[in-house]
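For reference, the structure is listed below as structure tokens.
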Amino acid sequence: MSRIDPIEQGLKQGWHHIRGSQLQQDTVLEADVVIIGSGAGGGTAAEILSAAGLTVIMVEAGPLKSSRDFDMEERHAYPNLYQQAGALQTKDKAISIFQGRAVGGSTTINWTTSIRTPVQTLEYWRAEKSVQGISETSLQPWFEQMEQRLSIRPWTLAPNANNRVLAQGCETLGWDVTPIRRNVTSCWNTGYCGMGCPVDAKQSMLITTIPAMLSRGGTLLSQVKAVQIEHHRRTVYGIRAEALSDGLTPTGINVVLKARHYILAGGAIHTPALMLRSWLPDPYGILGRRTFLHPSVLSGALFDDNINAHSGAPQSIYSDQFLWRDGVSGELGYKLEVPPVHPVLLASKTVGYGRSHAALMQQMNHLQVTIALMRDGFSADAPGGSVILQPNGRIVLDYPLTEAFWQAARHALLRMAELQFAAGARQVLPIAEGGGYYASWREAKQEISQLGLAPLKTVVASAHVMGGCPMGEDRQQAMVSSHGRSHYLDNLSVFDGSVFPTSLGANPQLSIYGLCARNATLLADSLTKLTG
Ligand SMILES: Cc1cc2nc3c(=O)[nH]c(=O)nc-3n(C[C@H](O)[C@H](O)[C@H](O)COP(=O)(O)OP(=O)(O)OC[C@H]3O[C@@H](n4cnc5c(N)ncnc54)[C@H](O)[C@@H]3O)c2cc1C
């Protein structure tokens, strides 16, 4: 069936798109607002500011791809759409991190789970992190606006077998189980969301807010990377960027961006890194610290029936049974979800080698995987990590896994095994070196209780990067105000996941959409008033 590719169509209609690799000479561009990054925060801001009549330039280091390029093949998706081709890791290599690097940012490749910020988290920010004016009630209209804009609705098709195991296990044990809302329209239920939606069903920034901004005359620069924020006293007076080749290496061509206001939306590793690289004022040494990941441990289970966890909506069920298990700042709680299981993803995120690895891969279609996402940042023993700029300019995320994490990991591996057996698993295998295939909950309980959990032995992964440039009114804790405006530079805002003062305890995209919609609307009001 021939389909209209909205990106191809927009480009034909004359959208202003400049690809870094095609720039032949140094260039200066000017607009009311320059936005660095095109993910959840950048896309939301771009649409709202352009709708207010402001001219917008959006700068994205990754390439502009469209559904024509999304061929459902991991070998193409990871190098084209992910930071470091999907191989990004923390300094000690103990945590694998997935983050987007393409127009649309991580929203182009995410799994469409859409959950509002938990009330407990918002209350903690108000009480402990000097965040003002952000509550369940004050955010409600912004969540409603973005849910409508991005077609966020309950998923009415049956969950795939991978999610069904989570639901069945929880139901058998009497645990919390909640259906997930997703940002899709006319979804084909393929299960390949992580490789870019081949049928434009996912309402990512790539096909919603960014086209809206471009249709209003905005400009998109792809394959252009912001490297330096030029500032003096309380004012930013330009951002220096470099054009990137099709292989995403610098071409030597420079781009200077000038605006009345600048928005950083490069995500929770790159926004703090750009600010650190530019020596922005940071008298309390906050920048790049307290970076959160929802570090997640994984439990595999083999079933007699086919699970085919590569097929069907990747996430449609979650359980918060253990999320707040000991209060907000008590023992580390975790959310239970499932990931999609595709061959390269599985091969690189599991344990064993040689025959044992091959044996597991051969059983891939019978494998169910449950994940426990740790709610980091709410107590002193879960302080998160730090973004560090090395002398050679490389960015590293140092995230030491604490004793509190390992205790929670063991708790989670036990509970996940329990639920997988309750759902009828034949065997359960914690994804950790030293663990075996256990044939009963009794055996699993005994063995996992004594399993040596440690960095590099236990697989830990994250697709949720948050923090590093926190919001709040107390400058000893926060870099930006509760509206995302810099405490130190009058014409600079940060609108992305880096402003969260802790992790969320929920998948981040909707929290970023809601908060950025509110902050971008307030910014648009103030900029248009100044003009008027
Ligand atoms: C595989 C995967 C699955 C996920 N699934 C879900 C899910 O189901 N539900 C959910 O809620 N969340 C999910 N997430 C997380 C969610 O997508 C992110 O939390 C969210 O998109 C972050 O938004 P952001 O604006 O902070 O940054 P991003 O969306 O990551 O966008 C940042 C963009 O800025 C660009 N950039 C960075 N630095 C520069 C620079 N110097 N110059 C120019 N451009 C720059 C990057 O290339 C990137 O494209 C998932 C993430 C991944 C990777």
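The values are calculated or read from the model by the stated rules, or taken from the named source; none is laboratory data. As the structure is a prediction and not an experimental result, all values here were calculated from the model. Using ideal geometry, Cβ is built from the backbone for each residue, glycine included, and neighbour counts are taken over all protein chains shown. Note: areas computed on protein heavy atoms with side chains; ligands, DNA, RNA excluded. Shrake-Rupley method; radii C 1.70, N 1.55, O 1.52, S 1.80 Å.
Data for the structure
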| read-out | value |
| --- | --- |
| Unique residue being surrounded by 17 or more Cβ atoms within 10 Å (Cβ to Cβ), touching a His at 6+ places or on another chain (Cβ under 6 Å) and not in a loop (DSSP other than H, G, I, E, B) when the list is Leu414, Leu373, Leu397 | Leu373 |
| The lone exception for Arg277 - which of (1) within 10 Å of the ligand (Cβ to nearest atom); (2) open to solvent by less than 10 Å² (accessible area, probe 1.4 Å); (3) farther than 23 Å from Thr107 by Cα it fails | (2) |
| First in the stretch 281-302 and assigned to a loop (DSSP other than H, G, I, E, B), second anywhere and among the basic types (Lys, Arg) and open to solvent by 30 Å² or more (accessible area, probe 1.4 Å), Cβ under 8 Å, 6 or more apart | Pro283/Arg475; Tyr284/Arg475 |
| Residue among Ser526, Ser493 that alone is surrounded by fewer than 24 Cβ atoms within 10 Å (Cβ to Cβ), among the hydroxyl-bearing types (Ser, Thr, Tyr) and more than 8 Å from the ligand (Cβ to nearest atom) | Ser526 |
| Residues being open to solvent by less than 40 Å² (accessible area, probe 1.4 Å) and on the phi > 0 side of the Ramachandran plot - total across the stretch 122-151 | 2 |
| Considering residues of the stretch 288-306 that are surrounded by 24 or more Cβ atoms within 10 Å (Cβ to Cβ) and among the aliphatic types (A, V, I, L, M) only, the residue nearest to the ligand (Cβ to nearest atom) | Leu293 |
| Filtered residues of the stretch 199-241 (kept if over 30 Å from Cys187 (Cα atoms), touching a residue at least 40 places away in the same chain (Cβ under 8 Å) and among the charged types (D, E, K, R)) | Lys225, Glu230, Arg234 |
| Residue among Ser311, Ser299, Ser348 that alone is out of contact with any Asp or Glu (no Cβ under 8 Å at 6 or more places or on another chain), over 23 Å from Arg116 (Cα atoms) and at pLDDT below 95 | Ser348 |
| Sole exception among (1) away from the ligand (no atom under 14 Å from the Cβ); (2) over 21 Å from Thr528 (Cα atoms); (3) open to solvent by 30 Å² or more (accessible area, probe 1.4 Å) for Thr235, by number | (2) |
| Residue list for the stretch 444-469, restricted to those being open to solvent by less than 10 Å² (accessible area, probe 1.4 Å) and of a type outside the set (A, V, I, L, M, F, W, C) | Thr458, Ser462, Gly467, Gly468 |
| Condition met for Trp142 (in contact (Cβ under 8 Å) with a residue 24 or more places away in the chain, in a helix (DSSP H, G or I) and out of contact with any Phe, Trp or Tyr (no Cβ under 6 Å at 6 or more places or on another chain)) | yes |
| Within the stretch 279-327, considering residues that are hydroxyl-bearing (Ser, Thr, Tyr) and farther than 16 Å from Gly505 by Cα, the one nearest to the chain's Cα centre (by Cα) | Ser316 |
| Residue list for the stretch 12-50, restricted to those being out of contact with any strand residue (DSSP E or B) (no Cβ under 6 Å at 6 or more places or on another chain), within 14 Å of Ser222 (Cβ to Cβ) and outside any loop (DSSP other than H, G, I, E, B) | Ser21, Gln22, Gly43 |
| Residue check for Thr90: of a type in the set (Ser, Thr, Tyr) and either in contact with a Lys or Arg (Cβ under 7 Å, 6 or more places away or on another chain) or over 20 Å from Ser348 (Cβ atoms) (or both) | no |
